[in-house]
């Protein structure tokens, strides 16, 4: 389907563009070329291709969420450079 000058004027009006006659011819021709190029997607026979949601097989790569024992509090505190009592001290980030 070719884009006519009337189509280009209508599209320009919808886009709230003021175009000269020369611009309407230029952009109408460019739009027609774009639509013809996009029309190539209709050419291949895709009937034997099953519909898919993703090009690759998707599988869950996350490990199972199993309950386990937490590290001892003392071991965690021993690895932290600044602490006070049983609390970890960090620099103030809010002024």
Tilt of helix 21-38 relative to the longest C-alpha principal axis of the chain, in degrees (0 to 90, nearest 10)? 60 degrees
Per DSSP helix of 4 or more residues, -39500 (n - 2.57); summed, then divided by the residues of the chain. What does that give at 222 nm, rounded to the nearest 500? -11000 deg cm²/dmol
Gain on full stretching of the segment that runs from residue 75 to residue 6 - 0.36 nm per residue minus C-alpha separation: 17.1 nm
Taking 0.36 nm per residue of separation between residue 33 and residue 52 and subtracting their Cα-Cα distance, the length gained on full extension comes to 3.9 nm
Any chance you could give the angle, 0 to 90 degrees and rounded to 10, that helix 5-14 forms with the longest Cα principal axis of the chain? 40 degrees
At R0 = 35 Å, FRET efficiency that the Cβ-Cβ distance of residue 40 and residue 20 yields, to 0.05: 0.65
Here FRET efficiency (C-beta to C-beta, residue 64 to residue 89, R₀ 41 Å, nearest 0.05) is 0.70
With Rg/Rh (Cα atoms, Kirkwood Rh) as the read-out, I listed (1) 0.95; (2) 1.11; (3) 1.49; which label goes with the value calculated from this structure? (3)
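Computed from the coordinates by the stated procedures, all read-outs in this text should not be read as laboratory data. Because the structure is a prediction, the values reported are computed rather than measured. Note that each Cβ is placed from the backbone with ideal geometry, even for glycine, and that neighbours are counted across all protein chains shown.
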